[in-house]
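The values are calculated or read from the model by the stated rules, or taken from the named source; none is laboratory data. These figures come from a predicted structure and were not determined experimentally. Here the Cβ positions follow ideal geometry from the backbone for every residue, glycine too, while neighbour counts run over all protein chains shown. Please note that ligands, DNA and RNA were not included when accessible areas were found on the heavy atoms of the full protein model with its side chains. Shrake-Rupley method; radii C 1.70, N 1.55, O 1.52, S 1.80 Å.
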Amino acid sequence: MGNYRLSLLGELEKKIWRGWVLAKGEGLPLRWIYPFKAMEKRPLTAVASTLARPEQVVVATGEEILLSQDGGQTFRWVADRYAIAHLSYFTAGAISEENPNEWIVGTSCNGFYITRDAGKSWRAISAAAICLSGQYYETINDIAYHLSDPDKVYFAYGPHGKIALLNIKTGFIEPILSLPEPDGIVSLSTIKVNSDVWLIGQTPSAIWIFCNNKWLKNRTLYTGFSPYFSEPRRKKIQDKRGIYLTAWTAHNLQSLRNHFVFIKNHGMNAVVIDFKDDFGSIMYNSQVAMAREAKAICPIVNIEALRTLADEFDIHLIARLVVFKDEKLYRYASNRYALWDKKRDAPWAHFIKDGTGKLVQREYWVDIFSTQVWDYNLQIAQELQRLGIDEIQFDYIRLPSDGPLATIAYRHNIYEMKAIDALESFLKRARAVLSLPISVNVFGYNGWFLTNALGQNIQRLALYVDAISPMTYPSHYHTKFLGTMPYLKRANLLYKIGSDRAAFYTKEQTCIRQYVQAFLLGPERKFSKETYSNYIKEQIAGVYSSKGSGFLLWNASNNYYMVKQDLAPSHLWY
């Protein structure tokens, strides 16, 4: 019986995980994505079945759950995240071997949910032991029912091969032995071999079997990459350590030379400079026709002189290009590309009070679904490539996060895409026309968790880009995130664990290059010189002890007073 179950499981896994469900499943959600030739099935984020009933398959797409009763031939919709937990993103699932109506789903940051009526109603399962802070829980990678006790499930979580046993009734979590190699587990299965229960864990590179209270490596797997992955591009951007400069800082060549001396004297080798800033101003003499029509040109940077100076100091030159926050394009052609306010029937705006109490518009956002907006930004990126820039870094590649978001109308969303589909399409198009490395910036939390928040799903974005830079600024996290600990130790862990998580969830097919906080905010302003110097050191030490590759320092004023030492790995103190 044990061998039969092992064989059955193997066949089931081959069918499900090698795309059989995607190929056969009628009724799975579809999406439009560039080049818009035909609709494709939305990628699955979880698949569950049982040994007892292999014809029953439950799948998730991140935001929806669907059921097949014919082995994946056809599916019907069961529930979405609004019926379970409003902000949840489904990452794992399991079906009870005994009760076909009992399913458990795991999420990226909201814990576990269970149904005992085939998805009609759901409740949360208490899991306090994996709570990171407040409403944030560890990401559940996969779930498998315990074959001898129907009230317990195994689950894998996080990037370091951790597994535990959850009691569904009590919420009690019992850790079990972690993998000998600290790789995150992407799938879990349980089988019975004679009277023993075996737990099978698959990491991105190997299959492991847990029996007799120890892990045994079954076999090594080939680690595949996205068809857009390029080893030569990856080598160009690995271990780049640098600072951010505005165009206004960079336009003065003597000031720029001083910053380049600072970069080299402190163990760094890269710089990020605004070439299209937060207001849509293009800071060099662009020849892009639409940019000139939009009066977006502010030609203060001499790219040829900048390139010469970067070569002199052997500095990797990164052009920051702000994409969807763009006042020039917002105002262009009678607001043709602006987000629209369906309540006011006017261009959408987020108004705040200035120092005098007057309402002013804070930000200007254009429609992320507009292919014309994509092409405009890609024309600029292509021009920068021709002018000798080493790397394009897309910033504000997302939806707006503040203001009256519920009143936004996306007039250019003719394909009825989700935000992540638009961002994937933009990057897929970028990859088709750009040969130089591409990087993107994301919110720190969107680098920490799998999510579709604001369209920034790092697992999907990683298919097309060479580097992702989460902005993991410790000041932006709840003080008890990761538990109560000294502030500087927490800063170290935020970068170490955050980098490892992002590397694992993007399957290490893109470099994780964190933005490090080189500014003080709130209570941090009371730090002494020694403390804020150590603050920088601890953040970077966290990066170096992780699977991340390099770092970038951010200070909007470009005053890097917090840096008091060489930041190269050979000079570190960890």
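What distance in nm separates the two pseudo spin-label positions at SER528 and SER226, each 7 Å out from Cα along the beta-carbon direction?
4.6
Compute the projected area of the convex hull of the Cα atoms of segment 434-526, averaged over all viewing directions, and report it in nm² to one decimal place. Don't skip to the end; give the middle numbers.
Numbers: hull surface 26.3 nm².
So the mean shadow area of the Cα hull is 6.6 nm².
For helix 303-313, report the angle its Cα long axis makes with the longest principal axis of the Cα atoms of the chain; keep it between 0 and 90° and round to the nearest 10°.
Helix 303-313 and the main axis of the chain meet at about 70 degrees.
Name the residue from PHE426, VAL271, GLY184 whose Cα lies farthest towards the positive end of the charge dipole of the chain, charges +1 on Cβ of Lys and Arg and -1 on Cβ of Asp and Glu.
Among PHE426, VAL271, GLY184, the one farthest towards the positive end of the dipole of the chain is VAL271.
For segment 352-409, taking Cα atoms only, what is the radius of gyration to one decimal and the Dmax to the nearest whole Å?
Computed over the Cα atoms of segment 352-409, radius of gyration and Dmax are 16.0, 46 Å.
Just the number, please: Stokes-Einstein D of segment 254-305 in µm²/s, Kirkwood Rh from C-alpha pairs, 20 °C, 1.002 mPa s.
It comes out at roughly 170 µm²/s.
Bin all alpha-carbon pair distances of segment 530-574 at 10 Å intervals from 0 and give each bin's fraction as a whole percent.
Pairs per bin, as whole percents: 26, 57, 17.
Note the angle between two axes, namely the Cα long axis of helix 419-433 and the longest principal axis of the Cα atoms of the chain, as a number of degrees from 0 to 90, rounded to the nearest 10.
Around 60 degrees separate the two axes.
Please state, as a whole number in µm²/s, the translational diffusion coefficient that the Stokes-Einstein equation yields for segment 86-231 at 20 °C and 1.002 mPa s, with Rh defined as the Kirkwood radius across alpha carbon pairs.
In µm²/s, the coefficient rounds to 134.
Stokes-Einstein D for the chain at 20 °C, 1.002 mPa s, Kirkwood Rh over Cα pairs, in µm²/s?
Once the numbers are plugged in, D ends up at 85 µm²/s.
Please tell me the relative contact order of segment 141-253 in percent, rounded to the nearest whole number, where contacts are Cα pairs under 8 Å and at least six residues apart. The partial results should precede the final answer.
Values: 191 pairs, mean separation 17.9, N = 113.
Relative contact order here is 16 percent.
Just to make sure I understand: if all protein chains stay in place, what is the order of LEU67, LEU253 by accessible area at 1.4 Å, largest first?
Working: LEU67 5, LEU253 85 Å².
So, going from the largest accessible area down, we get LEU253, LEU67.
Looking at the P(r) of segment 301-412, how many percent of alpha-carbon pairs lie beyond 24 Å?
Taking all Cα-Cα pairs of segment 301-412, the fraction more than 24 Å apart is 39 percent.
Given N residues in segment 188-282, what is its alpha carbon radius of gyration divided by 2.2 N^0.38 Å? Present the calculation step by step, with values, prior to reporting the outcome.
On the way: Rg = 25.1 Å, N = 95, 2.2 N^0.38 = 12.4 Å.
For segment 188-282, the normalised Cα radius of gyration comes out at 2.02.
So how long is each side of segment 231-367 along the principal axes, counting just the alpha-carbon atoms, biggest first, in Å?
Per principal axis, max minus min of the Cα coordinates gives 53, 37, 31 Å.
Please list PHE394, PHE229, PHE36 in order of solvent-accessible area, largest first, computed with a 1.4 Å probe with all protein chains present.
PHE229, PHE36, PHE394
Kindly state, to the nearest 0.05, the FRET efficiency for VAL360 paired with LEU387, given R0 = 35 Å and r defined as their beta-carbon distance.
Once the sixth-power term is evaluated, E becomes 0.50.
Counting only C-alpha contacts under 8 Å and six or more residues apart, can you give the relative contact order of the chain as a whole percent?
Numbers: 1256 pairs, mean separation 57.4, N = 574.
For the chain, the relative contact order is 10 percent.
Taking the highest mean first, how do the peptides 52-63, 308-319 order by number of other beta carbon atoms within 10 angstrom per residue?
52-63, 308-319
By per-residue mean of other Cβ atoms within 10 Å, what is the highest-first order of 472-480, 204-212?
Descending mean neighbour count gives 472-480, 204-212.
Taking all pairs of distinct Cα atoms, average 1/r, flip it, and tell me the Kirkwood hydrodynamic radius of segment 70-133 in Å to one decimal place.
Taking the inverse mean of 1/r over all distinct Cα pairs, segment 70-133 comes out at 12.7 Å.
Which far-off residues, 5 or more places away or on another chain, put their amide H under 5 Å from the one on GLN514, with H placed in the peptide plane?
Distant-sequence amide H within range of GLN514: SER549, LEU552.
With 26 Å as the limit, write out which pairs from LYS192/LYS217; LYS264/LYS529; LYS162/LYS418; LYS235/LYS295 have Cα-Cα distances beyond it, or answer none.
With Cα atoms farther than 26 Å apart: LYS162/LYS418; LYS235/LYS295.
Let me spell out the model: positive unit charges on the Cβ of Lys and Arg, negative unit charges on the Cβ of Asp and Glu, origin at the Cα centre of the chain. What dipole size does that give, in debye rounded to 20? Write down the numbers at each step before the final one.
Working: 66 positive and 54 negative charges, 90 e Å.
With Lys and Arg at +1 and Asp and Glu at -1, about 440 debye.
To the nearest 0.05, what FRET efficiency results for LYS428 and ALA289 with a Förster distance of 35 Å applied to their C-beta separation? Could you put the intermediate results ahead of the total?
Details: r = 24 Å, r/R0 = 0.69.
The formula returns an efficiency of 0.90 here.
Roughly how many nanometres apart are two label points built 7 Å out from the Cα toward the Cβ at SER570 and TYR82?
Roughly 5.8 nm, to one decimal.
Give the dimensionless ratio obtained when the Cα radius of gyration of segment 484-535 is divided by 2.2 N^0.38 Å.
So segment 484-535 has a normalised radius of gyration of 1.37.
Students sometimes get this wrong: rank ARG331, ARG525 by accessible area, probe 1.4 Å, all chains present, largest first. Walk me through the numbers on the way to the answer.
Details: ARG331 130, ARG525 155 Å².
The residues order as ARG525, ARG331, largest area first.
To the nearest 20 Debye, how big is the dipole of segment 356-484 about its Cα centre, given +1 on the beta carbon of each Lys and Arg and -1 on that of each Asp and Glu?
Details: 11 positive and 12 negative charges, 56 e Å.
Here the size comes out at about 280 debye.
Positive end of the dipole of the chain, charges at C-beta (+1 Lys, Arg; -1 Asp, Glu), about the Cα centre: which of MET562, HIS146, ILE318 has its Cα farthest in that direction?
MET562
Return the FRET efficiency for the residue pair ASN252, LYS480: r is the Cβ-Cβ distance, R0 is 51 Å, and the value is rounded to the nearest 0.05.
0.70
Quick check on segment 472-570: what does the Kirkwood estimate of hydrodynamic radius come out to from the alpha carbon pairs, in Å?
Final number for the Kirkwood radius of segment 472-570 is 13.8 Å.
At what distance in nm do the modelled label points of GLN73 and LYS342 sit from each other, each positioned 7 Å from its Cα along Cα→Cβ?
Rounded to a tenth, the inter-label distance reads 3.9 nm.
Only sites in a loop by DSSP and with at most 16 other Cβ atoms within 10 Å count here; which chymotrypsin sites (Phe, Trp or Tyr not before Pro) in segment 109-196 make the cut?
PHE172
For helix 487-505, report the angle its Cα long axis makes with the longest principal axis of the Cα atoms of the chain; keep it between 0 and 90° and round to the nearest 10°.
Between helix and principal axis, roughly 70 degrees.
Starting from the amide H of LYS162, placed 1.01 Å from N in the peptide plane, find each other amide H under 5 Å away whose residue is 5 or more places distant or on another chain.
Amide H neighbours of LYS162: TYR157, ILE185.
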